[in-house]
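Undergrad: Sharing a structure, written as C-alpha cells. Questions coming.
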C-alpha cells in the first residue's frame, strides 16, 4: 500500500527579500515554520529553517528506522541509535553532500558487523535512494562502548 504525505507552504516576495512559511503537514506534527533564502545560504538562520535542514532531519529519521529494522531482523535489535545528518547546500549548485554520523548501542554486535549493517541501511533507506546519483552521502558509524 502506498502512503502519500502532504505539506502546505506559502511564500511572499522575491527570493532574496521574501519569506515563506511551512503552514502545515498532513500529520499535523509541524506547522508555522518560517523559511527564507538567508536560512538556506547563511550561517545565521535566526530561528528559521530551510529545505536542507528538513531533508537532513528526514534522512536521519529514515536511516535510523532502516538500520533499526535490519538489526532487529538479524536478531540484534539496537538498544539505542543516535543519528546526526548534515546537509551541505551550495548556492547556484544545490545540495552537494549529506553526512551521516551514527553512534549506537547494540548488545551482541561487534564494530565490524555494526558498520556493515549501517552501510547497508545507508544504501537502502528510501531517502538515501532518493539522493542517490545526485548527492554524495557519507557515513561515520561507531558503536558506543558499553
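Undergrad: What's the angle, to the nearest 10 degrees (0 to 90), between helix 51-73's Cα axis and the longest principal axis of the chain?
TA: Here the helix axis deviates by roughly 20 degrees.
Undergrad: Angle between the Cα long axis of helix 111-124 and the longest principal axis of the chain, 0 to 90 degrees, nearest 10?
TA: Relative to the chain, helix 111-124 is tipped by roughly 40 degrees.
Undergrad: Right, here's the next one. Rg and Dmax of the range 50-144 over Cα atoms: what are they, in angstrom?
TA: My reading of the Cα-based Rg and Dmax gives 13.4, 47 Å.
Undergrad: Going from the alpha-carbon gyration tensor of the range 1-115, what semi-axes, largest first and in whole Å, does one get by taking the root of 5 times each eigenvalue?
TA: 34, 18, 11
Undergrad: Give the Kirkwood hydrodynamic radius (Å, one decimal) of the range 1-63, defined as one over the mean of 1/r across all pairs of different Cα atoms.
TA: Roughly 12.7 Å, rounded to one decimal.
Every read-out reported here was derived from the displayed coordinates using simple, explicitly stated rules and does not represent laboratory data. Owing to the predicted nature of the structure, the values given are computational and were not obtained by experimental measurement.
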